[in-house]
Each structure stands twice: as structure tokens, then as C-alpha cells.
1. Of these, A:VAL149, A:VAL192, which one is within 29 Å of A:PRO27 (Cα to Cα), of a type outside the set (Phe, Trp, Tyr) and touching a Cys at 6+ places or on another chain (Cβ under 8 Å)?
2. Within the range D:168-193, track down each residue that is more than 20 Å from A:ARG158 (Cα to Cα), of a type outside the set (Lys, Arg) and touching a residue at least 24 places away in the same chain (Cβ under 8 Å).
3. If you go through the range C:76-101 one residue at a time, how many are surrounded by fewer than 21 Cβ atoms within 10 Å (Cβ to Cβ) and either under 12 Å from the mean Cα position of the chain (by Cα) or not charged (D, E, K, R) (or both)?
4. Check B:PRO108 against each of (1) in contact with a Leu (Cβ under 9 Å, 6 or more places away or on another chain); (2) closer than 30 Å to D:ALA222 by Cα and name the one condition it does not meet.
5. Could you list, in sequence order, the residues of the range A:125-184 that are more than 7 Å from every other protein chain (Cβ to nearest Cβ), assigned to a loop (DSSP other than H, G, I, E, B) and touching a His at 6+ places or on another chain (Cβ under 9 Å)?
6. For the range A:187-240: of the residues being away from chain B (no Cβ under 14 Å), among the aromatic types (Phe, Trp, Tyr) and not in a helix (DSSP H, G or I), which is surrounded by the most Cβ atoms within 10 Å (Cβ to Cβ)?
7. For A:GLU200, which of the numbered conditions (1) of a type in the set (Asp, Glu); (2) in contact (Cβ under 8 Å) with a residue 12 or more places away in the chain; (3) out of contact with any Phe, Trp or Tyr (no Cβ under 8 Å at 6 or more places or on another chain) fails to hold?
8. Answer with yes or no whether A:ARG122 is part of a strand (DSSP E or B) and either of a type outside the set (A, V, I, L, M) or modelled with pLDDT under 95 (or both).
4 protein chains.
Amino acid sequence: MSENLSVTVWNEYRHERDSDEVAEVYPDGIHAAVAEGFEERGFETRTATLDDPEHGLSEGVLKDTDVLTWWGHRAHEEVSDHVVDRVVERVRDGMGLLVLHSGHYSKPFKRLMGTSCALKWREADEKERIWVVEPGHPIASGLPEHIEVPEAEMYGERFDVPAPDELVFTSWFEGGEVFRSGCCYNRGSGKVFYFRPGHETYPIYYRDDIRDVLANAAEWAAPSDGPEPFFGNADPLEDV
Amino acid sequence: MSENLSVTVWNEYRHERDSDEVAEVYPDGIHAAVAEGFEERGFETRTATLDDPEHGLSEGVLKDTDVLTWWGHRAHEEVSDHVVDRVVERVRDGMGLLVLHSGHYSKPFKRLMGTSCALKWREADEKERIWVVEPGHPIASGLPEHIEVPEAEMYGERFDVPAPDELVFTSWFEGGEVFRSGCCYNRGSGKVFYFRPGHETYPIYYRDDIRDVLANAAEWAAPSDGPEPFFGNADPLEDV
Amino acid sequence: MSENLSVTVWNEYRHERDSDEVAEVYPDGIHAAVAEGFEERGFETRTATLDDPEHGLSEGVLKDTDVLTWWGHRAHEEVSDHVVDRVVERVRDGMGLLVLHSGHYSKPFKRLMGTSCALKWREADEKERIWVVEPGHPIASGLPEHIEVPEAEMYGERFDVPAPDELVFTSWFEGGEVFRSGCCYNRGSGKVFYFRPGHETYPIYYRDDIRDVLANAAEWAAPSDGPEPFFGNADPLEDV
Amino acid sequence: MSENLSVTVWNEYRHERDSDEVAEVYPDGIHAAVAEGFEERGFETRTATLDDPEHGLSEGVLKDTDVLTWWGHRAHEEVSDHVVDRVVERVRDGMGLLVLHSGHYSKPFKRLMGTSCALKWREADEKERIWVVEPGHPIASGLPEHIEVPEAEMYGERFDVPAPDELVFTSWFEGGEVFRSGCCYNRGSGKVFYFRPGHETYPIYYRDDIRDVLANAAEWAAPSDGPEPFFGNADPLEDV
């Protein structure tokens, strides 16, 4: 199935160019590492970044995209509202959206959630254990009961999002917090998956298990072929 | 319980002043009819309208409001984004919001839902039957199995909202459509209830059963006294 | 995908043998009509009926079944608890279960829901219009906005089931009722879909659109390859 | 509100009579400690135990009970199916049910959930931190962001229950697990709340914060006054 799906991997791509520490982990950018995972798994993959024209997300690119992944961190405000409108509109029309880690504060995610999307965080190189709480969900396919990430940035509850339509993962942190780290949402005819792991200073997007989750999520979030609803003034179907 | 709750009834209040047909049904405005229902049931009630300064929704008013009801139709775009920010922020802090009928297209509701909130509609004086699908829900308290509205504007599915956290009512229409007409949402620490019935040309807000639903909804949506979450950089609770 | 999925179509198969009226509609049994739909769409299909040894649902058959469909009506009580245990256990292990029409009162469905599964009903040859309320759901793939069934038995709310994890369809009936007619549930590692249409006296299971829904539902409900959870006394993963 | 609610606290009451270690913690039984918390908060409270006639849960007692709490552990199988039928029936009619700790394996809870309700467990006197994930929920009223229990039995995911209708708490454990520890369900016209903390060897039910949670949960789960649905053969409401 995956070979027919077209994934666009979006990245802010600033940390990697400004910081030696980050460049050492992701020399070609986080998007290159994320895209490699999709390519290995047979998806048609392209990348786009903030500093590309139209952020790399023209009408044409979005039209050709089944699933968009989003990583941003410090430049959320530089993403143009016009492009955000376009992304959000395309999600409502059926495109899948995978929001990664610090993307929780991105404009498209906040717009689609309707909440602040705030959380607790800490950078302390601590252990994260990602538990599968819904083993029958397609996003958990092929996974063990938990994934251990030896060094992670902590995100802790309260995560200010609407209760997910389906909760697939919950994280445990060494420092004492928990987090709903794999959250599924339906918005319009599209699907959104928030996945917590990943930070610019940790090589998390090179891991096979993390890439498997993203590939599963892309298959889950891919557009389906349902009816396009008519909205507006409608004639009666029965005598009134 | 209700006597301690403070309800602010917000109304666009334009149709009633411009149209004789509407003024005949709601001579003092829709807000007056909605407010009367709350007063009768012991709530502390005030009203506010679009053309009041700050649309009647100053910081002070919102701070003193437990539950805000919202009716708007043709002037959604005239509501200032600044006031919308304030309303949305206050909902996330715990204020209840009851969105009435054509308020489905209001700025606060669309902002809190993250979707288009579009639907089918028709003005044909047709019958609506509002079925209780969740009889154990507090918003259904004291109601019969269904409420019949002899003449209503039709709203039909697809209603482009996130699947409600709890679905209390579903409507049947004479012309052949169905509609999820009583939808509960949690957003931040606040609660939102969308309730379909009511239109400027029908005397629906004078009905006791409709007023009972709104009173139940206000009690359900009232702020609770839960923890105010800390967001941001958090110290570990365990040794890392 | 479907060609790899194995579907077992279970039928009570009593009405068809006892009633000329029913035999005229389903001369080879309801199971034959349902199975034909799956075969046409490339599924590996077998049938089983109440009066087969072990109701046709031996350990071996269930082990080889990805998705089981269930139609029963007047002989629910004759299904042995032993076989019901086996079916329910297999669902929790990942098998999909599609419960059809009067199967709402079957033992496996009631056991998996935990509620009475009661409803209103009426046989009056009336029109049903099945609305898609979640157009992005895979079970709605390829469908129009609504399906019209000219003559149906009515099922009306309150349908006493837990609120579905996902609600795909809602029905409108000529006689004035509504019904949540396409309900998705997760139970253990398995998935359950309840689909309302279909009655022994109407040729509904010959329709292409109804067969499409069942095929979509079978793909949605098929077992995934998630972790098999360990239950019981567990060693700590960290020093305690 | 609470002064009008009648709570029945049910306890297996075996450990406390057989084990000196347990008797030291709960000399009058776990039910006495749980009941004391409700009494202090103004509820009308009574207790019932396994070895009472009809387990203390006659028709009359259940009829007079708004909310039933359930603690059992090693004698689940000794609870008569007849009484379980009665309890389950009463929940569906509107009675609230609070299921405590090892009650996850009780007959009424398993019956109402439709799943195995299995989990991981460990007795290692380890720390539990119960996080509020839904601060706007009435069950979180008056609580801090998290509750710390210094010594607890561990329960870990996968918890094999249906995804809760509302998830209020998630626990962190010292040994590396997480657990959905406060789960709300609607079943029929009744409400069920599962609350994890509490074990026969820890004085958890004497804590004010734990008692506050139980009191909040009782108010949330109390019967409402919704319509009693008619089930069965129904006349049409419109001409057919």
C-alpha cells in the first residue's frame, strides 16, 4: 500500500544550520533523516523547508501530498498564515498530517486543535519509555509493548489538547512525568497524528522503531475515498 | 446549584431590529427570550450584544461569567478578533460556552473546533424531532425521549465538526435529513455545548423544554475547581 | 489487501428454511448473499450456520478467520455459551467482528458491549436513509453522502450501546426516528462494527452499496500486527 | 448536593479478617475507611460485604443506592451471578458504580466493560504519581496537578479495557510503567468510574485527597433524571 502514498516531510531547518551540536546529529537536516525512513519503507517522499519559496508548500505540492509531516520549533511565527490556511484546508479535504515533537506549538496544529497545545518540558537527557496503550491500533503494528529512548527531552502533562479520538501511546519519564505521546484526531475528512519523540539534539529519527511508527501513521492518515459532502442550501429529499 | 451560576447571554441583535417579521417573534431580541429562560430557572443572568462597546464582553464581564451563550447569524465577521481571543481564552480557563443554532459559524466556535463547521440548511418551515440518544447525560435531565419542533430551519449532515466528546441529541427532519444537534466538547479546562434549535423567525426560545435544555447545559458547562496546570520548563520530580 | 483477508459469514439460517416469504428473498440463506458480496470483492470467504457442528465455529475455523460477520434473530439463545466464549476471546485477540442488523441482540455482541443493546423497532416497509456522518472514515470509502433503502424494518433510538468509538452512519426513518446505524468499537486487540441494515424479508444484502460497506468494514476490522501484551506479575524496568 | 446522595460501600472483607498485616492497616475493613471518607463529606453512607446475606446487596438496598463502590480481590468468583445481574441491571438503570483498584477483575466491572480487564501488576512498595490529565473534569475538582502515593502496588499498561469515554488520571510508577488510573464510562443510563489506587496493605483510603476523588466521582456518577427509553415495537410518529 505504502508505495502508492506520497509523503512530504516539512522541516523548519534552522537549528541544523546554526548550531554545530545539532548539525552533528542531523548534518542534512531533520527532514533528511525523517524522509530516509519513509523512503526505506517504500513511500514516495519529498521534503520542504521554511526557507523554500512558499515554505515549499505550494498548492501543487500539497495537492500531490497524501501525508504531510511537520517539524518546527523556534520559528513557528515565521510560517505565513497564508500557507497555514492552505495546509489546514488540505487536511480538512483529506490529507493526513503527522505533527512531530515541538510541532505541538506549530500554527497548523494549534489551528486544528482549537486549544493552546501547551505542556511541561525539560531538557535533561532523561530516559523516556513509550508504552503502547492500544495494541490493536494500526499505528502500533509491528511494535513491541514499549519503546525505550535513552535520552530525550521531557514533555509532561497537562498536554492542553482535546482528548484524542484514539490514544495509542503514553510516555513515562525518568523525572516523574507522563505524557499522551501518540494522539489521533479526525478533522474534516482528514486525519492528524501527534507523535511526541524527537528533538534536534537526539538522533531519534534514525531509529527503526520510530520510523516504523511514522510509516504506520502515514498509512493510517492517508486520504480515503469517502463522499465529498455538499454544504449549503439543500433541497428536501422528502415532501415537506 | 443554578442560583450561584452567572450566565451571560450574547446576541448579534441585528435581525430583530431590521426585520418586522423577526421583531414580531422576538420584540426585545433573541437574547431577551434566552435570558428569561435562565432567569426563570434561578440563574444570575445578564445580556450583551454585538453593538455594545466591546460587544458587551469586556474583561470584567467575562471574568464574572460562568457560562456564555452565543447567538449570531449574519454578522459573524463583525465580531472583533480581539474579543474572540478573549472569549476563547476564557473558555480554555474554564468558562462554559453554549453555542446556539447559527452560532455554528461564529468565530469563537470555529476557533475552538478547528474545523469549518459547515452544514446543509434549508428554510422550509419543516418539522424537527430532537431525539435524546444519551439518556443518562445530565443535559437530558427532565426531558422526554424526544422534543418535537413543529416548524424549524433544517440543518443536515455532514456537520463538519470534530466528533463530539459526548453526543446527547440527534435530530430528524421532515425533509429527510439527520443532524447531531446536541454536541459536548472539552477545550482546555472549559466545556462547550452546541445546541441546534432556534432561528430568528421561530419562537423556539420561549419553549420550556428548550429552556430546560439550556439550563441543564449551563450547569454541565459551569467551571469546575480543578488544578490550574503549570506549563513551561519544569524541574524533575525524581533524580535524573 | 482484501485478497489476503479471510472472512467467515455466520448465519442463524432458520427463517430461510421455515418461511416461504423469506426463502423467496434468500433461497440459499442470508449467508450466501452476504458471502457473495465478499467473494466478488476478492475476499477469501466461507460460511457457517447455527445448525452446523459447533455452529461451524470450531477453534480451527476461528483461528483461520480474520473477520467474522454475524446475523441472528430468533435463536440467539440457542448459541452455546462455549462457542460465544470462543468468539469473544478471538475478538479480544484481534479478529474483526461485523454484527449485522438483528445481531444487536446476539450473545457475542451483548457480551462485548456490556449493555442491553435494546432499541425500538417496527416492521412497516418504510424508507431508510443512511447518512454518512464521518466522510473521512475508511468504512465510508467509495460511498455517496447517503444510501437510500426503499423498504426497511425501522430501528430507533435510544440504542442502548456504549457511545461508539467512531460513529460512521446515522439513519433517518420515514416514520420519524433516527438511529446510529454504523458504530465502531475497539475491544481488546480486536475491532467490532455494528451495521444496521438488513432484514430477512428485504433483499438488502444483494445491493452493491451495502456490500461495499461490508467490504470496507472487513478491511477496517482486520487484525493488525500490534504487540501481544503481557498480563500478570511484572518485574520492574527501573530500580525500585 | 452530596447530602442528598446515598452511597453504598461494598467490600469483599476477607483479607482484613485473615491477615494480621492487613488488619493492622484496616482494622474495621477497607469498607469502613472508604465509608468514613464519604460520611465526612456529607453523603448518606452504608456498607455491605461479601459474607452478608445476598452480599448485602438486596433489591431494596440497590434501589436506595445512588452510587455503589466496589472493592474485591481474591474472592471475585464467590460473588453470585444473581447479585451481579442485579448490580449490572441497576447501573444500566442509572446507578453510579465506582470500581476500586483490584475491583478491575470483579464480575460487575468485567461484565460492563466487555473485555478481560487484565493488566500488569507488582507488589514492590514503589512510588506512584497520579497525574490529572483532564483538569476541567468534575472528578478533578479541588485537586493539585498530581497526587503522590509513596508506597503502592503497581498496575501497568496494557490495561485491557475499552478506551474510556473520559480519561481523568494517568499514573507514573517508579518501576517504569504508566497506567490509565481514572477512567469514566457510560453504560446504559448509568456511569462507571474506575479508580486505581488502593490496596489492602496500604493506608491509601485514609488520605484526604483520595477521599476527595471518590466524593467527586460519586457526585459525577450520581443518577440523573433523564428519560427512561421505551424499547420494543414502536408505532410510527409520522404517516408511513
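1. On the way: A:VAL149 fails: touching a Cys at 6+ places or on another chain (Cβ under 8 Å).
Of the residues listed, the single one that is within 29 Å of A:PRO27 (Cα to Cα), of a type outside the set (Phe, Trp, Tyr) and touching a Cys at 6+ places or on another chain (Cβ under 8 Å) is A:VAL192.
2. Our first condition is that a residue be more than 20 Å from A:ARG158 (Cα to Cα); within the range D:168-193, this holds for D:175, D:185-193.
Pick out the ones that are also of a type outside the set (Lys, Arg) and you get D:175, D:185-186, D:188-190, D:192-193.
Within the range D:168-193, D:GLY175, D:TYR185, D:GLY188, D:SER189, D:GLY190, D:VAL192, D:PHE193 meet the criteria.
3. Taking the range C:76-101 as the starting set, the residues that turn out to be surrounded by fewer than 21 Cβ atoms within 10 Å (Cβ to Cβ) are C:76-86, C:89, C:92-94.
In the following step, the residues that additionally are either under 12 Å from the mean Cα position of the chain (by Cα) or not charged (D, E, K, R) (or both) were identified as C:76, C:79-80, C:82-84, C:94.
Residues that pass the stated criteria total 7.
4. (2)
5. Across the range A:125-184, the qualifying residues are A:PHE159, A:VAL161.
6. A:PHE193
7. (3)
8. Numbers: part of a strand (DSSP E or B): yes; either of a type outside the set (A, V, I, L, M) or modelled with pLDDT under 95 (or both): yes.
So A:ARG122 passes the test.
The values are calculated or read from the model by the stated rules, or taken from the named source; none is laboratory data. Everything quoted here is computed from the prediction, not taken from an experiment. Every residue, glycine among them, receives a Cβ derived from its backbone with ideal geometry; neighbour counts consider all protein chains shown.
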